[in-house]
Amino acid sequence: MRSTTALSKRPFSTWRAGELLQSWREMVHPGSLPADAAAGLSVACVALPLNVALATAAGLPASVGLVSGVVAGVVGGLLSGSRFQVTGPEAALLPLAAAIVAAHGAAGLAIATVLAGVMQVAMGFVRAGRFARLIPRPVVMGFTVGIGLLLLNTQLPRLFAVEDTHANAVALVMKRTWGAHVGWLGVAAGALTALAMVTLPRLHKRIPAVLVGLTLGTGLMVWLGTGYDAVGALPRSLPMPALPSFEGVHLAGLLPAAVGLALLASLGSLLATSSLDALTGARTHSDLDQDLVAQGLANIAAGLFGGFPVMGAIVRASASIQAGARTRAASVLHALWLFVAMALLAPLVARIPIAALTAILLVVGVRLLNLEGLVAMWNQSKSTLSVVLVTALGIAVFNVFAGIGAGLALASLLYVRRHGALRLEVQRVTDASQLQRGLHVQSPEAPGAPEALDLLVARVDGPILFINHLKLYELVDGPPWAKLVVIDLSRVTLVDAAGVATLQYLAEFLAVRGAHLALVKVPPHLETALEPIAQHLLEARMHGSLEGALLGAGLLPTAPMEPVVLPAHLEPVARPVHSAHP
């Protein structure tokens with residue numbers, strides 16, 4: 001199997017056509033087609049009510065969700081960089097889509113969807129997909145948790161049929177008189193739908209729990225309710241594609257929303273595709289750049305049909321794999337099954353209560369919270385959990401990009417702190433005779449041997465960075481100051497500009513007081529970075545060993561010496577000046 005790295009070095013169009021052609025041949029293979037058809041039907045049972053629920057939640061006709069699922073499902077299924085990816089409306093896009101509809105109307109959403117698709121295609125051609133693998137997993141988890149919080153906050157008022165007076169669940173709870181306006185029959189239908197979704201999979205995984213729950217909730221409303229808020233009439237065929245109308249749409253105000261939609265749909269799709277690779281292992285060979293192009297073309301198609309924005313959906317794709325999908329035919333067939341349902345079952349779909357659809361979104365929101373994973377993370381790593389919570393709360397309180405930005409910032413700080421810990425161990429030496437015996441040089445009684453030392457030996461372990469460089473100032477705590485400060489850099493992995501400036505300051509500080517700074521055992525990869533401060537060091541050079549620094553400072557006789565190492569009594573372990581972490 002060819003690696004993604006090898007493929008990425010070739011021109012964008014030279015190999016993808018061959019890859020797609022081969023996968024299209026596999027789609028019609030008699031050995032895999034029955035399994036793919038069954039898997040596509042299973043996914044359609046999940047996608048149909050979800051597509052309708054997302055469209056109605058955004059303030060659009062239910063038909064918009066179905067049309068998007070059909071058109072984008074075919075385009076994405078045929079062209080996706082992952083043969084198991086399923087494209088369609090997704091809960092992560094709902095908050096932004098609803099905001100666009102509220103500000104610019106349905107036509108504005110169609111325009112934004114087309115523009116977002118064009119941007120995604122462009123990102124695919126410049127190979128932006130590879131950067132998705134750099135996003136830390138806690139931020140990815142926080143993204144899904146944040147979307148779950150958004151769903152709960154926005155859909156609870158719809159379930160209780162009080163969305164006109166309360167914009168979100170927080171306002172619903174704060175208002176004490178909200179109970180007088182609740183439509184309890186709708187709540188009962190939603191509860192029955194949710195109960196079926198939660199309990200039926202425990203009996204058998206192949207039961208279409210969403211479809212059964214929707215049928216039970218609809219049956220309850222039809223049986224007990226004389227009138228209720230339902231999906232309404234649906235077309236039995238696809239509309240003709242057309243360019244969205246720009247009349248009455250403020251394009252300058254819509255463009256930032258389109259950019260946000262492109263980034264959100266791209267991020268969600270790429271994360272879903274990466275998750276699929278982890279889920280299936282060697283079974284898949286996904287190309288993230290190709291996936292961006294495919295999702296962009298799917299959004300363009302959805303926009304031309306007046307549809308809801310789409311992205312790769314990990315929930316539907318994993319359901320397809322679990323149902324036995326073998327090729328990308330399962331993704332395409334799921335869209336065709338949706339079209340069959342729209343053509344043959346439109347009168348039945350029209351009677352589905354909004355409360356039951358809302359219940360579906362609420363169950364999806366609770367599952368996105370991944371409470372078990374959060375509890376496990378609390379027990380394993382609270383710092384990682386903090387990244388998840390910051391990302392999720394930022395999304396829920398502000399917006400998706402603020403949450404992801406905050407999560408990335410916190411994750412970066414924690415990474416630097418974890419891997420940028422600076423350990424500083426020092427020992428002050430004043431016994432010349434003991435030092436000379438340790439270095440195997442002349443005896444203490446030899447003429448010319450100094451009788452006393454004022455030496456500070458320090459070992460630095462870890463990178464010297466802007467977040468920890470101030471630790472080095474402890475080497476010049478005083479007075480009194482040592483006549484020679486020797487810093488062993490053999491275990492230093494990196495020195496940034498702040499670290500270089502600090503070492504230079506220490507050298508100048510000691511020079512003013514008639515003392516010296518010596519750097520010993522400098523790794524080769526640091527010599528270039530430290531060259532600017534060489535003139536400030538002892539004898540304007542970095543010594544290879546401790547005895548070299550001592551000779552340069554005149555603290556040892558110049559008689560020939562044997563090769564030496566740092567003596568055991570000078571190993572800087574006796575008195576750590578600082579803890580192991582900044």
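Data for the structure
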item	result
Which listed residue, of Leu465, Leu455, Leu503, Leu475, is among the hydrophobic types (A, V, I, L, M, F, W, C), closer than 21 Å to Ala534 by Cα, modelled with pLDDT under 85 and more than 33 Å from the chain's Cα centre (by Cα)	Leu455
Test for Leu41: is it modelled with pLDDT under 85 and open to solvent by 20 Å² or more (accessible area, probe 1.4 Å)	yes
Qualifying residue in segment 523-535 (condition: at pLDDT 60 or above and touching a His at 6+ places or on another chain (Cβ under 6 Å))	no
Unique residue being touching a residue at least 24 places away in the same chain (Cβ under 8 Å) and closer than 22 Å to Gly105 by Cβ when the list is Leu234, Leu192, Leu214, Leu220	Leu234
Odd one out for Arg316 among (1) among the basic types (Lys, Arg); (2) more than 24 Å from Leu267 (Cα to Cα); (3) assigned to a helix (DSSP H, G or I)	(2)
Matching entry among Ala282, Ala257, Ala329, Ala343 (being modelled with pLDDT of 85 or more, open to solvent by 10 Å² or more (accessible area, probe 1.4 Å), more than 17 Å from Thr144 (Cα to Cα) and out of contact with any Lys or Arg (no Cβ under 8 Å at 6 or more places or on another chain))	Ala257
Residue that is surrounded by the most Cβ atoms within 10 Å (Cβ to Cβ) [pool: residues in segment 364-408 that are over 29 Å from Leu159 (Cβ atoms) and among the β-branched types (Val, Ile, Thr)]	Val387
Residue within segment 71-79 that is buried (at least 24 other Cβ atoms within 10 Å of the Cβ), more than 15 Å from Ala294 (Cβ to Cβ), in contact (Cβ under 8 Å) with a residue 60 or more places away in the chain and of a type outside the set (Phe, Trp, Tyr) present	no
Test result for Ala191, modelled with pLDDT of 75 or more and assigned to a helix (DSSP H, G or I)	yes
Candidates Thr87, Thr14, Thr56, filtered to the one that is modelled with pLDDT under 85 and on the phi < 0 side of the Ramachandran plot	Thr14
Cross-chain or 6+ apart pairs with Cβ under 7 Å, segment 393-416 first and closer than 24 Å to Leu151 by Cβ, then among the polar types (S, T, N, Q) and at pLDDT below 85	Ala396/Asn153
Members of segment 213-249 found to be open to solvent by 30 Å² or more (accessible area, probe 1.4 Å), β-branched (Val, Ile, Thr) and closer than 19 Å to Val340 by Cβ, listed by number	Thr215
Qualifying position, being at pLDDT below 85 and either farther than 28 Å from Val259 by Cα or in contact with a strand residue (DSSP E or B) (Cβ under 6 Å, 6 or more places away or on another chain) (or both), among Ala402, Ala356, Ala396	Ala356
Residue check for Leu270: surrounded by 13 or more Cβ atoms within 10 Å (Cβ to Cβ) and not in a loop (DSSP other than H, G, I, E, B)	yes
Residue check for Asp287: modelled with pLDDT of 85 or more, buried (at least 19 other Cβ atoms within 10 Å of the Cβ) and closer than 24 Å to Leu134 by Cα	no
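The values are calculated or read from the model by the stated rules, or taken from the named source; none is laboratory data. Everything numeric here is computed off the predicted structure, so don't read it as measured data. FYI the Cβ positions are ideal-geometry reconstructions off the backbone, even for glycines, and counts take in every protein chain you see. The accessibility values were calculated without ligands, DNA or RNA, using every heavy atom of the protein model including side chains. Shrake-Rupley method; radii C 1.70, N 1.55, O 1.52, S 1.80 Å.
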